[in-house]
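Take a look at the structure set out below.
Each reported figure results from applying straightforward, stated rules to the coordinates on display, with no laboratory input. Only a predicted model underlies this, so the values are computations on that prediction, with no experimental measurement involved. Backbone-built Cβ (ideal geometry, glycine too); neighbour counts: all protein chains shown.
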Amino acid sequence: MREFKRLVIPYIVWIALMIVIPMLLIVMYAFTKEGNDVATLSFTFDHFIKFFTDPDFLNTLFLSLKIAFITTVLCILLGYPVAYAIASAPAKRSNLYILLITLPMWINMLVRTYAWIGILADNGLVNHILSFFGLNTTQLLYTDFAVVLGMVYNFIPFMILQIHSSLAKMDKNLLDAANDLGANRIQRFLHVTLPLSIPGIISGITLVFLPSVSSFVIPKLLGGGGYMLIGNIIETQFITVGEWNFGSAISMIMALIIMFSMYLTRKIDRDHTERRMNV
């Protein structure tokens, strides 16, 4: 057994180099003044004060949370019926449907997002179709709608796969038992299928909300150069402005928000599991 434990060492080293040390550097930059070196560190809270006292940064944070929330809700509403249909299909068809869902994910997200620019542009596919039917064209690209659409398109497979995993593991005998007790299709869904799929929904929320709230590529391409979410501000601070200390402070704030979101979703999942076991 001890020999197998040694196999964990490379993973521990990799985690330390790629995750722990960079996170420690971000924390150090967030709480230190610009221009310090290791020998003369000067700690400060000015970067956090600057963020929370500037209405523009707070509005951007709230917009990011709003866009991520809308994206997550839409992924649930659109992804659940798809996951339910896949789970209800025969095994061979189910595997084919899962392949079709994951197939676009084999293409780089940047390429997939660029494709939406051609579809939503003023002279793109959607407006050409509207013009063909004699309808007025509209501004689709560089709007909140385009950003949400791009996020839903890129992240909905995560929601579908998580919900499908919960539905596929569900004991079908429970549905037969509910049917024998006189429950109709709606009652079987509300009292059996939906509660048993909640863990998958919660996992899907985690996998959709977290990348949505910190995304910067999709807002930049589909929202335009002036469209700023919190991820775009962090990117700008590190790459364009060069204020690593302020960028690290914002990154740390987002890391705390993400950690709280993960804790909240895990707590909801745990409470739901405990209630289900006590019934």
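Between Lys169 and Asn108, with labels modelled 7 Å along Cα→Cβ, what's the label distance in nm to one decimal, could you check?
So the label points at Lys169 and Asn108 sit 3.5 nm apart.
Rank Ile257, Asn127, Phe155 by how far each Cα sits towards the positive end of the charge dipole of segment 56-278 (+1 on Lys, Arg Cβ; -1 on Asp, Glu Cβ) and give me just the farthest.
Phe155
Which one of Phe45, Phe155, Phe62 has the biggest mean-square fluctuation once the chain is modelled by GNM with Cα springs under 10 Å?
The residue that fluctuates most here is Phe45.
On a 0 to 90° scale, report how tilted helix 91-102 is relative to the longest principal axis of the chain, with both axes built from alpha carbons and the result rounded to the nearest 10.
Helix 91-102 sits roughly 20 degrees off the main axis of the chain.
Out of these labelled values of Cα extents along the principal axes in Å, (1) 56, 43, 30; (2) 74, 70, 37; (3) 67, 66, 45, which was calculated from the coordinates shown here?
Only one option fits the structure, namely (2).
So what J values fall out for segment 218-228 if you push phi through Karplus, 6.51 cos²θ - 1.76 cosθ + 1.60 with θ = phi - 60°, rounded to Hz, Gly and Pro as x?
4, x, 5, 7, 8, x, x, x, x, 7, 10
With r defined as the distance between the Cβ atoms of Leu264 and Leu125 and R0 fixed at 30 Å, what FRET efficiency is calculated, to the nearest 0.05?
Values: r = 40 Å, r/R0 = 1.32.
Given R0 = 30 Å and the Cβ-Cβ separation, E is 0.15.
Return a whole-number percent for the relative contact order of the chain, with Cα pairs under 8 Å and 6 or more residues apart as the contact set.
Numbers: 277 pairs, mean separation 73.4, N = 279.
Result for the chain is 26 percent.
Kindly express, to the nearest 10 degrees and within the range 0 to 90, the angle between helix 194-213's C-alpha long axis and the longest C-alpha principal axis of the chain.
30 degrees
Taking only the alpha-carbon positions of segment 212-276 and ignoring solvent, what does the Debye formula give for the base-10 log of I(q)/I(0) at q = 0.18 Å⁻¹?
With one equal scatterer per Cα and no solvent, log10 I(q)/I(0) is -0.71.
Run down the aspartates and glutamates and flag those whose C-alpha is under 20 Å from the C-alpha of Lys50, throwing out any fewer than 8 positions away in its chain.
Here the aspartates and glutamates satisfying the reach criterion relative to Lys50 are Glu34, Glu235, Glu243.
Quick one: dipole size for the chain, taken about the Cα centre, charges +1 on Lys/Arg Cβ and -1 on Asp/Glu Cβ, in debye to the nearest 20. Don't skip to the end; give the middle numbers.
On the way: 19 positive and 16 negative charges, 220 e Å.
The dipole magnitude comes to about 1060 debye.
Quick one: Cα centre-to-centre distance for segment 73-124 and segment 196-274, in angstrom?
Measuring centre to centre over Cα atoms gives 21 Å.
Taking 0.36 nm per intervening residue step and subtracting the Cα-Cα distance, what contour gain separates Lys5 from Lys92 on full extension? Please report the intermediate quantities before stating the final value.
Numbers: separation 87, 0.36 × 87 = 31.32 nm, distance 3.90 nm.
Stretched fully, the Lys5-Lys92 segment lengthens by 27.4 nm.
Fully extended, how many nm does the chain gain between Ile239 and Leu99 (0.36 nm per residue separation, minus their Cα-Cα distance)?
Contour length minus the Cα-Cα distance gives 46.7 nm.
At a Cα cut-off below 29 Å, give the lysines reachable from Lys172, other chains included and same-chain residues fewer than 8 away excluded.
Candidates past the 8-residue exclusion: Lys92, Lys267.
In whole Hz, with x marking every Gly and Pro, tabulate ³J(HN,Hα) for segment 59-76 from phi via Karplus 6.51 cos²θ - 1.76 cosθ + 1.60, θ = phi - 60°.
Ordered by residue, 3J(HN,Hα) equals 4, 5, 4, 5, 5, 4, 5, 5, 4, 5, 5, 4, 4, 5, 4, 5, 5, 5 Hz.
Please list, ordered by chain and number, the residues whose modelled amide H lies under 5 Å from the amide H of Thr32; skip anything fewer than 5 residues away on the same chain.
Thr44
Can you compute the FRET efficiency between Asn179 and Val73 using 1/(1 + (r/R0)^6), with r the Cβ-Cβ distance and R0 = 45 Å? Round to the nearest 0.05. Walk me through the numbers before you get to the answer.
Values: r = 31 Å, r/R0 = 0.69.
The formula returns an efficiency of 0.90 here.
Shape verdict for segment 156-279, please, from the Cα gyration tensor: rounded (a/c under 1.5), prolate (a/b greater than b/c) or oblate.
prolate
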